[in-house]
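The numbers here are math on the coordinates, done by the rules we state, and not lab data. Everything quoted here is computed from the prediction, not taken from an experiment. Using ideal geometry, Cβ is built from the backbone for each residue, glycine included, and neighbour counts are taken over all protein chains shown.
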Amino acid sequence: MLGVGISLLVSSMFGSMLPQQSETKPSAPACNSAEIYKADGWLIPGLANAKVKFRARFTNLPGVTVIRLEPSDGESTFTRIHCSQEHEGRIEIEEEPIGIIELTAYEFQGRVFAYGLHFERQAIENGARLHKGAASGALFYDEEGSGRFTVRKSATWPFIPELPRAWAEGGLSTK
């Protein structure tokens, strides 16, 4: 009888120390990306009918020329792709009104390999544009020299673009 009592006492003491299975909810994968690829190329806000303001050698990247552009219209939209705040694991895509602060082109060996867009985020209420008091930036890259700017990366102004590997190594598309 004493042996049964000790067994019960030992099992009750150590039973609470055994690992217990907890209900774990599968977590959604982290919502982030370094770049966004669009096979047919991104529409770059403000680029249509933009005029060259000035050209200068880009001292941070040998052989690169920076071209400051003046958009014909300083208001446009930007395709915003972001993680939903309300729905875990959901990506949302929306056209957001923007005001263009600065538009630049980056040229290597006479061909544009990237565009930089610094913009003010806006909203539209009752048909009027409102300033949100926030700015963002993006770099658009033509990685193969095809003339299609297929890669978009978030960027902080002032922009220092990376010369795509195919451009640096001379293996550009002849399209």
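Examine region 73-84 for a residue that is crowded, with 16+ Cβ neighbours inside 10 Å and either basic (Lys, Arg) or within 19 Å of LYS153 (Cα to Cα) (or both), and state whether such a residue exists. Write out each step before concluding.
Applying the first criterion (crowded, with 16+ Cβ neighbours inside 10 Å) to region 73-84 yields 76, 78.
Right, trim to either basic (Lys, Arg) or within 19 Å of LYS153 (Cα to Cα) (or both) and you get 76, 78.
Checked region 73-84: at least one residue is crowded, with 16+ Cβ neighbours inside 10 Å and either basic (Lys, Arg) or within 19 Å of LYS153 (Cα to Cα) (or both).
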Which one is farthest from ALA134 (Cα to Cα) among residues in region 79-105 that are touching a Leu at 6+ places or on another chain (Cβ under 8 Å) and of a type outside the set (Val, Ile, Thr)? ALA105
Considering only region 119-135, I want to know if a residue exists there that is touching a Lys or Arg at 6+ places or on another chain (Cβ under 6 Å), within 18 Å of ILE44 (Cβ to Cβ) and in a strand (DSSP E or B). yes
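From the list ARG55, ARG80, ARG121, ARG68, pick out the single residue that is among the charged types (D, E, K, R), free of Cβ contacts under 8 Å to residues at least 60 places away in the same chain and more than 30 Å from GLY145 (Cβ to Cβ).
Numbers: ARG55 fails: more than 30 Å from GLY145 (Cβ to Cβ); ARG80 fails: more than 30 Å from GLY145 (Cβ to Cβ); ARG68 fails: more than 30 Å from GLY145 (Cβ to Cβ).
That would be ARG121, the only listed residue that is among the charged types (D, E, K, R), free of Cβ contacts under 8 Å to residues at least 60 places away in the same chain and more than 30 Å from GLY145 (Cβ to Cβ).
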May I ask you to list pairs of residues, at least six apart or on different chains, whose Cβ atoms are under 7 Å apart, with the first in region 145-168 being on the phi > 0 side of the Ramachandran plot and assigned to a loop (DSSP other than H, G, I, E, B) and the second being among the aliphatic types (A, V, I, L, M) and surrounded by 17 or more Cβ atoms within 10 Å (Cβ to Cβ)? GLY145/LEU172
Please identify the pairs in which a residue from region 130-144 that is in contact (Cβ under 8 Å) with a residue 24 or more places away in the chain has its Cβ atom under 7 Å from the Cβ atom of a residue that is surrounded by 15 or more Cβ atoms within 10 Å (Cβ to Cβ) and of a type in the set (Asp, Glu), counting only partners at least 6 apart or on another chain. HIS131/GLU120; ALA135/GLU120
Test: residue in region 105-112 that is part of a loop (DSSP other than H, G, I, E, B), among the aromatic types (Phe, Trp, Tyr), in contact (Cβ under 8 Å) with a residue 12 or more places away in the chain and on the phi < 0 side of the Ramachandran plot: no
Being within 22 Å of ALA48 (Cβ to Cβ) and under 21 Å from the mean Cα position of the chain (by Cα) is the filter; apply it to region 117-133 and report the residue that is surrounded by the fewest Cβ atoms within 10 Å (Cβ to Cβ). ARG121
Quick check on region 134-175: of everything there that is aromatic (Phe, Trp, Tyr) and within 16 Å of VAL64 (Cα to Cα), which residue is surrounded by the most Cβ atoms within 10 Å (Cβ to Cβ)? PHE140
